[in-house]
Number of protein chains: 2
Amino acid sequence: MSNAVSGPRPSAAKQIEEGLQLTPRFDADGLIICVATDVSSGDILMVAHMNAEALQKTIASGEAWYFSRSRQQLWRKGETSGHVQRVLEMRVDCDQDCVWIKVEQQGAGACHTGRRSCFYRAVPLGQSDAVRLEFRDAEPVFDPAKVYGSNE
Amino acid sequence: MSNAVSGPRPSAAKQIEEGLQLTPRFDADGLIICVATDVSSGDILMVAHMNAEALQKTIASGEAWYFSRSRQQLWRKGETSGHVQRVLEMRVDCDQDCVWIKVEQQGAGACHTGRRSCFYRAVPLGQSDAVRLEFRDAEPVFDPAKVYGSNE
């Protein structure tokens, strides 16, 4: 999303976009966005953030690590739930502020609400007034109370 | 990604996660993340941001609008390139800070570098030293100089 007006200077942008060096552009909080898709269905399972350590651990281990903004801590996906994500492929985008991981989701689901994916509600299109969401692919696949315990 | 420790209080969290009201949680800059996937291939085309106006215009028009952080302005995808994105479905995630749009990409590609997708480089896994990216699905599908003009 950088451009010649306010992005990195042209030579730096060229290097970031066309180079073969991984030079992640972390935001002011030291984070980049990570989108995890299911390698079989192609569906987005979740969108979360990684700091440098989470990114490094994911690359080295082939399992997804994130940085929890709410808990302000490094977070190995599945450490509580057992719902580990095995990473089969990682991509980085043009301006290197986002990564995409294609994962094999272990266990029933990725979402802490008990669904397979965090994206279980659709936003109807073609409306300009109050929008009423519609549940879609929202069947619970596990019981969060049992998986995370009673304090979550 | 919210939890009982530092996320919204339980009743509010329940409403955000299980309710049918669209209550986007914009960040400090007034933005939410938007992931656009190709409705045919399922591949991620791009990840960008929307402010309230971009989100409202996308929902109302069924075409993707974003907010450009580098230019600090509302941005109708394709306004310069003609590479409009027709939105076939929109989903919102559990904590409502991210939307996923499944789009029909008009024109050759979504990435300003001339590729179909912004994610044209893979990050090899299982490494702990310097990582060398690998081009993947990186064939140019249009000439950015022709599409955006010489000033970009």
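For the chain pair B and A, the interface hides roughly 5700 square angstrom of accessible area in total, found with a 1.4 Å probe.
The heavy atoms of A:Asp129 present about 130 square angstrom of accessible area, all protein chains included, probe 1.4 Å. Residues considered: A:Thr80, A:Thr58, A:Thr37. Largest GNM mean-square fluctuation over chain A, using C-alpha springs under 10 Å, is found at A:Thr80. Considering only A:Ala28, A:Ala52, A:Ala64, the Gaussian network model of chain A with Cα springs below 10 Å gives its largest mean-square fluctuation to A:Ala28.
Taking a probe of 1.4 Å, how large is the accessible area per residue of the stretch A:90-152, in Å²?
On the way: 2750 Å² over 63 residues.
Here the per-residue accessible area is 44 Å².
Residues of the stretch B:84-123 falling in the label zone of B:Ser70, defined by backbone nitrogen less than 14 Å from a point 7 Å along Cα to beta-carbon, are B:111-115, B:118.
What number comes out for the charge environment of B:Phe67, summing +1 per Lys or Arg and -1 per Asp or Glu over other residues with Cβ under 14 Å away?
Working: positive: B:Lys57, B:Arg69, B:Arg71, B:Arg76, B:Lys77; negative: B:Asp27, B:Asp29, B:Glu53, B:Glu79.
Spelling it out: positives minus negatives among the neighbours equals +1.
Helix B:52-61 and the longest principal axis of the C-alpha atoms of chain B enclose an angle of approximately 70°.
Local charge for A:Leu133 was computed over the other residues whose Cβ lies under 15 Å away, with Lys and Arg +1 and Asp and Glu -1, and equals -2. Taking the three principal axes of the alpha carbon atoms in the stretch A:1-128, the coordinate ranges are 46, 45, 29 Å, sorted in descending order.
Within the shell of other residues whose beta carbon sits under 13 angstrom from the beta carbon of A:Ile33, the net charge comes to -4, with Lys and Arg scored +1 and Asp and Glu -1. Among A:Pro140, A:Pro124, A:Pro24, the largest mean-square fluctuation in a Gaussian network model of chain A (Cα springs under 10 Å) belongs to A:Pro124.
Given Cβ point charges of +1 (Lys, Arg) and -1 (Asp, Glu) and nothing else, what value in debye, to the nearest 20, does the dipole of the protein assembly as shown about its Cα centre take?
Working: 34 positive and 40 negative charges, 37 e Å.
Dipole size: approximately 180 debye.
The residues of the stretch B:80-103 occluded by other protein chains by 10 Å² or more of accessible area, set against the chain on its own, are B:Val87, B:Glu89, B:Met90, B:Arg91, B:Val92, B:Asp93, B:Cys94, B:Asp97, B:Cys98, B:Trp100; surface from heavy atoms, 1.4 Å probe.
Exceedance of the 18 Å cut-off in Cα-Cα distance is limited, within the set B:Lys57/B:Lys102; A:Lys57/A:Lys146; A:Lys57/A:Lys77; B:Lys77/B:Lys102; A:Lys77/B:Lys102; A:Lys14/A:Lys102, to A:Lys57/A:Lys146; A:Lys77/B:Lys102; A:Lys14/A:Lys102. Considering only B:Cys98, B:Val84, B:Gln56, the residue lying farthest towards the positive end of the dipole of the stretch B:31-152 is B:Val84, judged by Cα position with unit charges set on Cβ. Each residue of the stretch A:28-43 is assigned a 3J(HN,Hα), and the resulting list reads 4, 8, x, 10, 10, 7, 10, 9, 10, 10, 6, 5, 7, 7, x, 5 Hz, derived from the Karplus form 6.51 cos²θ - 1.76 cosθ + 1.60 (θ = phi - 60°), x at Gly and Pro.
The values are calculated or read from the model by the stated rules, or taken from the named source; none is laboratory data. None of the values given here were measured: they were computed from a predicted structure. Quick reminder, even Gly has a Cβ in these numbers, built from the backbone with ideal geometry, and neighbours come from all protein chains shown. These area figures cover heavy atoms from the full protein model, side chains too; ligands, DNA and RNA do not enter into them. Shrake-Rupley method; radii C 1.70, N 1.55, O 1.52, S 1.80 Å.
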